[in-house]
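Heads up, the thing below is written out as structure tokens.
Read-outs throughout are calculated quantities, based only on the coordinates presented, and are distinct from any laboratory measurement. Because the structure is a prediction, the values reported are computed rather than measured. Cβ coordinates were reconstructed from backbone atoms using ideal geometry, including for glycine residues, and neighbour counts include every protein chain displayed.
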Amino acid sequence: MNGLKKFKMIKAIIFDFDNVVISSIKQVLAYDKLIFKHFNIKFPKGKKQRLLYTLCEEDQYPVFFSSINKKEFLEYKHSIDFRKYLKFIKISKNTKTLFRFLKNNGYKIAIVTNRSDTTYQILDYFKIKGYFDVILTSEHMKKHKPDPYPINLAVKKLGLRKSEVLYVGDDKVDIEAGKKARVDVIMYKNKFKGADYYINSLKQIKKILGDLNV
């Protein structure tokens, strides 16, 4: 938590979405198990299962579903009523408190996620869409994390320099994307090497920004 002087120039926080802003593992498992069952494909375990949380649907296809027609895969996935799965999602602790703090103190907030447009349904469900100045989902991006393109695009849309933003993620792909984009990375609830800061609670971001009165 050192270098408070450095962070006096921070003007925006870019957040990954799944398992940072929201806790979505139960939703991903329930939703994707339905898809695997429909196509009679064995559901992955271990490290390969983790890819379901990090890859966008375009990148999931060659890893898990290359044996079936891509158009058929996408059509079925988009036919599922995602609203039935919102009940499996929880908003992360301290999220709204942090967002109110950031907005009240003049910071901009962005989302960069490999999730599809279901992101908007979740934001509306938890009534937090209004906090964000920039929202980038997989549909907005020609390349996805761990490529730096999504973070670079967010910085551009925020109208800021890279030295003026922090990126908060929870996975190795977030560290890789952040480092390639040359922005400082805050790792949330994981200890993957290479991040600039590690936190177990979102409220610790206030300390990083120099607010000691948490």
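Near residue 90, the amide H atoms lying under 5 Å from its own belong to 23; only residues 5 or more places off or on other chains count, and H is placed 1.01 Å from N. Helical runs (DSSP H, four residues minimum) scored at -39500 (n - 2.57) apiece and divided by the length of the chain put the mean residue ellipticity at 222 nm at -11000 deg cm²/dmol.
Note on residue 201 and residue 121: their simple-model spin labels are 3.3 nm apart, each label 7 Å out from Cα toward Cβ.
Scanning residues 5 or more positions from residue 135 or on other chains, those with amide H under 5 Å from its amide H are 111, with H placed 1.01 Å from N in the peptide plane. Scaled against 2.2 N^0.38 Å for its residue count N, the alpha carbon radius of gyration of segment 170-213 is 1.16.
Note on segment 25-87: semi-axes of the ellipsoid equivalent to its C-alpha gyration tensor, largest first and rounded to whole Å, are 16, 15, 11.
The orientation-averaged projected area of the convex hull spanned by the Cα atoms of segment 24-157 comes to 8.9 nm². This ranking places 117, 16 by how few other beta-carbon atoms lie within 10 Å of each, fewest first, which gives 117, 16.
In the chain the longest region clear of trypsin sites (Lys or Arg not before Pro) that are loop-assigned by DSSP and have at most 10 other C-beta atoms within 10 Å covers 46-126. The aspartates and glutamates whose alpha-carbon is closer than 13 Å to the alpha-carbon of residue 156, local same-chain residues fewer than 8 away aside, are 133, 164. Whole-Hz Karplus values for segment 146-161 come out as x, 5, x, 3, x, 5, 4, 5, 4, 4, 4, 5, 6, x, 10, 8 Hz, taken residue by residue from phi with 6.51 cos²θ - 1.76 cosθ + 1.60 and θ = phi - 60°; glycine and proline positions read x. Among 147, 184, 18, 174, a tally of other beta-carbon atoms within 10 Å of each Cβ gives an order, fewest to most, of 147, 184, 18, 174. Using modelled backbone amide H atoms (1.01 Å from N, in-plane), which distant-in-sequence or interchain residues come within less than 5 Å of residue 184's amide H? Distant-sequence amide H within range of residue 184: 167. Computed from backbone phi with θ = phi - 60° and the Karplus coefficients 6.51, -1.76 and 1.60, the 3J(HN,Hα) list for segment 59-68 is 7, 5, 4, x, 7, 10, 10, 5, 7, 10 Hz; x is used for glycine and proline. Couplings for segment 119-128, taken from phi via the Karplus curve 6.51 cos²θ - 1.76 cosθ + 1.60 with θ = phi - 60°, read 3, 5, 5, 5, 4, 5, 4, 9, 6, 10 Hz in order; Gly and Pro are left as x.
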